[in-house]
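Enquirer: Dumping the structure here so I can ask a few things about it.
Rule-based calculations on the coordinates, nothing more; no lab input. The structure presented is a predicted model; accordingly, all values stated were derived computationally and were not measured. Don't worry about glycine lacking a Cβ; one is built from the backbone with ideal geometry, like all the others, and counts go over all protein chains shown.
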Amino acid sequence: MTKILAITNQKGGVGKTTTTVNLAASLAAAQQRVLLIDLDPQGNATMGSGIDKRDVQASVYDVLLGSKTIAEARMRSEAGKYDLLPANRELAGAEIELVDLPHREARLRDALHGVAVEYDYVLIDCPPALNLLTLNGLCAARSVMIPMQCEYYALEGLSDLVNTIRKVRANLNPELEIEGLLRTMFDPRNMLAQQVSDQLQEHFGSKVYRTVIPRNVRLAEAPSYGVPVLYHDKLSKGTQAYLALAGELLNNAAQSAATA
Ligand code: ATP
Ligand code: MG
């Protein structure tokens, strides 16, 4: 069955987009059929997939407002070898325009109906806010991946997010689970990062992915070339980490399929 994952954290700059793009490319490299949905008006995942957000004809905006289907609006990211539902600035207006529409939180879920079966993974890159766009992501997803930096305030923000996920589960999407917490931009020499990482494992146990994403300059450079890091520097630590994360996801999926 298709795994639909929202990559979310209302905190900005924690590595959501970097994770979505590079996980999509790593899963595609493992022969998985992947759709990346850019749900952020910044359009960073679109650009990072090698598609110029200024050139897109149709986007996730048109899908949310119901004037295009996903099949009509999606594009092929040749750079990442996956399909992309792109975003651009236009999406910033969607928040207001959606308010008066019926099922305003469920527009993406409804649009995915029918097309999701074409994919093994659908990854949704959420904006840094708990707004109506993010709600659409959480409503469409089966599970949530939370990238986070191991910093002092990280745990505080996490409880807001966990509460939101609880509310979404109670009101909109009873199946929604936390798939896992991902430590990003990790520097093992930083004592505080180590401490926060230990606390995370204490609180969340096996919900913390074993794979840790290190701070790696190749990950930051790759978007300026419009490619995932895998096709920028194959041997870099960033590439290895996201390939390992894809492996961990595939392993977990295989294990839960075996026990089901
Ligand atoms: P926003 O909340 O604005 O959408 P985000 O959570 O999507 O941000 P990214 O855009 O992925 O975060 O990352 C923020 C910045 O940090 C970017 O410049 C990115 O290139 C850089 N970055 C992300 N992960 C790493 C890493 N592991 N090592 C080095 N730089 C990184
Ligand atoms: Mg982002």
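Enquirer: Of the residues Ile96, Ile51, Ile213, which exhibits the maximal mean-square fluctuation in a Gaussian network model of the chain defined by a 10 Å Cα contact cut-off?
Expert: With Cα springs under 10 Å in the chain, the top fluctuation among Ile96, Ile51, Ile213 is at Ile96.
Enquirer: Here's another thing I want to ask about it. As a quick test, which of the pairs Lys11/Lys207; Lys68/Lys237; Lys167/Lys234; Lys53/Lys167; Lys167/Lys237 have an alpha carbon distance above 29 angstrom in this structure? Working shown, then result.
Expert: Values: Lys11/Lys207 19 Å; Lys68/Lys237 39 Å; Lys167/Lys234 41 Å; Lys53/Lys167 33 Å; Lys167/Lys237 37 Å.
In this structure, Lys68/Lys237; Lys167/Lys234; Lys53/Lys167; Lys167/Lys237 exceed 29 Å between Cα atoms.
Enquirer: So if a site counts as exposed when it's one of the chymotrypsin sites (Phe, Trp or Tyr not before Pro), its DSSP state isn't H, G, I, E or B, and it has at most 15 other Cβ atoms within 10 Å, what's the longest stretch of the chain without one? Working shown, then result.
Expert: Numbers: sites that count: Tyr152, Tyr153.
Segment 1-151 is the longest.
Enquirer: Rounded to the nearest 500, what is the 222 nm mean residue ellipticity of the chain from helices alone, with -39500 (n - 2.57) per DSSP H run of 4+ residues and division by all residues?
Expert: Values: 11 runs with 109 residues, N = 260.
The helix-only estimate for the chain comes to -12500 deg cm²/dmol at 222 nm.
Enquirer: Based only on the alpha carbon positions, what is the Kirkwood hydrodynamic radius of the range 155-247, in angstrom? Could you put the intermediate results ahead of the total?
Expert: Numbers: mean 1/r = 0.0659 Å⁻¹.
For the range 155-247, the Kirkwood estimate is 15.2 Å.
Enquirer: Relative contact order for the chain: what is it in percent, counting Cα pairs under 8 Å that are at least 6 residues apart?
Expert: Numbers: 504 pairs, mean separation 66.0, N = 260.
So the answer I get is 25 percent.
Enquirer: Please give the charge dipole size of the chain, origin at the Cα centre, charges +1 on K and R Cβ atoms and -1 on D and E Cβ atoms. Round to the nearest 20 debye. Kindly include the intermediate steps, with their values, before the conclusion.
Expert: Working: 26 positive and 29 negative charges, 93 e Å.
For the chain, the charge dipole is close to 440 debye.
Enquirer: Oh, and also: GNM on the chain, C-alpha springs below 10 Å: top fluctuator among Leu138, Leu39, Leu158?
Expert: Most flexible of the set in this elastic network: Leu158.
Enquirer: Below 8 Å, C-alpha to C-alpha, sequence gap of six or more: please give me the relative contact order for the range 152-260 in percent.
Expert: Numbers: 81 pairs, mean separation 22.6, N = 109.
The value is 21 percent.
Enquirer: While we're looking at this one, here's another question. How high is the relative contact order of the range 109-188, in percent, counting Cα pairs under 8 Å that sit 6 or more residues apart?
Expert: Numbers: 67 pairs, mean separation 28.2, N = 80.
With pairs under 8 Å counted, the relative contact order is 35 percent.
Enquirer: Go ahead and collect, in residue order, the members of the range 1-42 whose backbone nitrogen is under 15 Å from a label point 7 Å along the Cα-Cβ direction of Glu177.
Expert: 1-6, by backbone N distance to the label point.
Enquirer: To the nearest Å, what is the center-to-center distance of the range 1-68 and the range 134-169, using C-alpha atoms only?
Expert: 17
Enquirer: DSSP H helices in the chain with Cα extent of 15 Å or more along the helix axis and mean Kyte-Doolittle hydropathy at least 0.0? Mind dumping the intermediate values first?
Expert: Details: long enough: 16-29 (19 Å, 0.57); 154-171 (26 Å, -0.05); 191-204 (20 Å, -0.48); 237-259 (33 Å, 0.09).
Going by DSSP H runs, the hits are 16-29, 237-259.
Enquirer: Next question, about the same structure. How about the range 131-188: which GluC sites (Glu not before Pro) there are in a DSSP loop, with at most 16 other Cβ atoms within 10 Å of their Cβ? The partial results should precede the final answer.
Expert: On the way: sites: Glu151, Glu156, Glu175, Glu177, Glu179; in loops: Glu151, Glu175.
Qualifying residues, ordered by number: Glu151, Glu175.
Enquirer: How about the range 157-260: which trypsin sites (Lys or Arg not before Pro) there lie in a loop by DSSP and see at most 16 other Cβ atoms within 10 Å?
Expert: Details: sites: Arg166, Lys167, Arg169, Arg183, Arg189, Lys207, Arg210, Arg215, Arg218, Lys234, Lys237; in loops: Arg189, Arg210, Arg215, Lys234.
In loop regions of the range 157-260 (DSSP not H, G, I, E or B), the sparsely surrounded trypsin sites (Lys or Arg not before Pro) are Arg189, Arg210, Lys234.
Enquirer: For Ile178, which sequence-distant residues (separation of 5 or more, or a different chain) have an amide H within less than 5 Å of its own amide H, given hydrogens modelled in the peptide plane?
Expert: Result for Ile178 returns Val144.
Enquirer: Please give every one of the aspartates and glutamates within straight-line cross-link reach of Lys81, meaning a C-alpha to C-alpha distance under 18 Å, and leave out same-chain neighbours fewer than 8 residues apart.
Expert: The reachable aspartates and glutamates, counting only those whose Cα sits under 18 Å from Lys81, are Asp38, Asp52, Glu118, Asp120, Asp125, Asp233.
Enquirer: Would you list the P(r) distribution for the chain, with all Cα-Cα distances sorted into 5 Å bins from 0 and each bin expressed as a whole %?
Expert: 1, 6, 14, 19, 20, 18, 13, 7, 2, 0, 0
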